[in-house]
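Engineer: Quick one: the structure is below, and I'll ask about it shortly.
The values are calculated or read from the model by the stated rules, or taken from the named source; none is laboratory data. Given the structure is predicted, the values throughout are model-derived calculations rather than measurements. Don't worry about glycine lacking a Cβ; one is built from the backbone with ideal geometry, like all the others, and counts go over all protein chains shown.
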Amino acid sequence: MFESLRKYEVQARYSAALAVCSLAPCAFALLLVWKRFDLTLGRIVYGAQGRFVLAFAGCVLASLAASALGFVLGWNSAGQRRNEKSARSWAGFFIGGGVLTLDLILLIAFYMLRLKV
């Protein structure tokens with residue numbers, strides 16, 4: 001069922017898959033922040049009793065984990081001579097790195113712009 005991660009082709013496949021799977025939770029976290037952002041205040045407004053923070057943190061954490069694993073697996077397997085699927089490694093590396101950066105920006109933006117009502 002599971003193949004050995006010692007092979008670079010397997011790392012390339014998992015890298016691309018994890019990086020692409022990290023896009024959905026990141027997009028959902030971005031949607032949550034977009035819906036809660038108040039343009040007049042310039043803040044992300046949420047209720048003290050709501051589940052917004054848990055949903056947001058869960059989405060960002062899931063996306064961070066998947067994108068970080070995709071990034072690291074892509075970094076490790078890209079450019080290896082025995083890797084016949086080097087394009088997947090590079091795709092996982094760049095997509096994972098981009099999503100990882102976006103997740104960190106979302107966390108910093110939430111920390112700086114939050115307003116609990």
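Engineer: Looking at the stretch 29-39, which of its residues are surrounded by fewer than 17 Cβ atoms within 10 Å (Cβ to Cβ) and either in contact (Cβ under 8 Å) with a residue 24 or more places away in the chain or outside any helix (DSSP H, G or I) (or both)?
Structural biologist: Hits for the stretch 29-39 are 37, 38, 39.
Engineer: Tell me whether the stretch 85-92 contains one or more residues that are part of a strand (DSSP E or B) and not β-branched (Val, Ile, Thr).
Structural biologist: For the stretch 85-92, residues part of a strand (DSSP E or B) and not β-branched (Val, Ile, Thr): absent.
Engineer: Taking the stretch 84-117 on its own, how many of its residues are within 17 Å of residue 12 (Cβ to Cβ) and crowded, with 16+ Cβ neighbours inside 10 Å?
Structural biologist: So the count comes out to 11.
Engineer: Checking the conditions here, which among 10, 45 is assigned to a helix (DSSP H, G or I) and among the β-branched types (Val, Ile, Thr)?
Structural biologist: 10 is the lone residue from the list that is assigned to a helix (DSSP H, G or I) and among the β-branched types (Val, Ile, Thr).
Engineer: Go over the candidates 20, 72, 45 one by one and state the one that is surrounded by fewer than 19 Cβ atoms within 10 Å (Cβ to Cβ) and more than 15 Å from the chain's Cα centre (by Cα).
Structural biologist: On the way: 20 fails: more than 15 Å from the chain's Cα centre (by Cα); 72 fails: more than 15 Å from the chain's Cα centre (by Cα).
The match here is 45.
Engineer: Taking the condition of being at pLDDT 95 or above and of a type in the set (S, T, N, Q), how many residues in the stretch 70-117 meet it?
Structural biologist: Number satisfying all stated conditions: 1.
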